[in-house]
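Notes follow the structure.
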Amino acid sequence: MTFWLFIYFIGAGILGGLLASIAGLASLVSYPALLIAGIPPVIANVTNTAGLVLSGIGATASSSRELRGEGKLVTGLTALTLAGGILGSALLLIEPASTFEHVVPFFILSAGVLLLVSGHQADRKNVPALRDQNKFGLVLKAIGLFLIGAYTGYFGAAGGVIILAILTLSLPQRFAVLNAFKNVMAFMANAVAKIIYAWTGKIDWLIVLPLGIGFLIGGYCGPIVVRHVPVRLLRILIAFAAFGLAADLFVQAYF
């Protein structure tokens, strides 16, 4: 690997880490960056997922103030996505993700719409706490988080933004806190995927090094940005970025 290619991967990782920790949309940058560098799609996908673990570490470390006092809740939520991530990663070893690519754009489009309609920061008070919510609704949300964990382990693209959309509709916490939850949940799903992918021998560890350095930096900076940018603006930007990714994946899948 040349020096400039090393720097290129660090830069892609920084931008991807920022997008991952702010919006769960690292796939807008890091995966295409690997393809542009000539990395085959399957290797690019698993290498990108391996690098994303570093983004999760950075984002979780940077989100300590948002996570304070939320340990029990975030542990339960993370357990659901972690279990799903194990299932999704195992499925990827059996069935190529290409069989799923025709429905992925619609998942991402739906997540963008949910973020737009889920209300402003001031409306979080109108969402009841978990203990006050209907048990049937809680079961549906738990199933949803498990399935999103499976999706993240299997396909990965924009899994974070889909998690964020579900959390925004389900919990009364501030957007920055929900984003911190999302970062921990996506981090664990990606971590278990990395462990499973490592057995396949398809991860390009030479690329993971610079990409991971960038992801760590970008992931750490993301929660800091979330604290200082207006929530309404963040929702709009994340939603429209999701629409853009959905459109791109739709074109790739159908044309």
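Bear in mind these aren't lab numbers, they're just calculated from the coordinates by the rules spelled out. Here the structure is a predicted model, which means the values were calculated and not measured. Cβ atoms come from the backbone with ideal geometry, glycine included; neighbour counts cover every protein chain shown.
Overview of values
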item	result
In region 168-181, the residues that are part of a helix (DSSP H, G or I), more than 18 Å from Leu19 (Cα to Cα) and of a type in the set (A, V, I, L, M, F, W, C)	Leu169
Residue in region 194-206 that is surrounded by the most Cβ atoms within 10 Å (Cβ to Cβ), counting only those that are over 20 Å from the mean Cα position of the chain (by Cα) and part of a helix (DSSP H, G or I)	Leu206
Matching option when the condition is touching an Asp or Glu at 6+ places or on another chain (Cβ under 6 Å) and either surrounded by 14 or more Cβ atoms within 10 Å (Cβ to Cβ) or closer than 19 Å to Ala165 by Cβ (or both), among Ala246, Ala253	Ala253
Meets criteria (within 19 Å of Val29 (Cβ to Cβ), of a type in the set (Val, Ile, Thr) and either outside any helix (DSSP H, G or I) or in contact (Cβ under 8 Å) with a residue 12 or more places away in the chain (or both)) for Val184	no
Matching residues, region 64-89, being among the polar types (S, T, N, Q) and either over 21 Å from Thr49 (Cα atoms) or surrounded by fewer than 18 Cβ atoms within 10 Å (Cβ to Cβ) (or both)	Ser64, Thr75
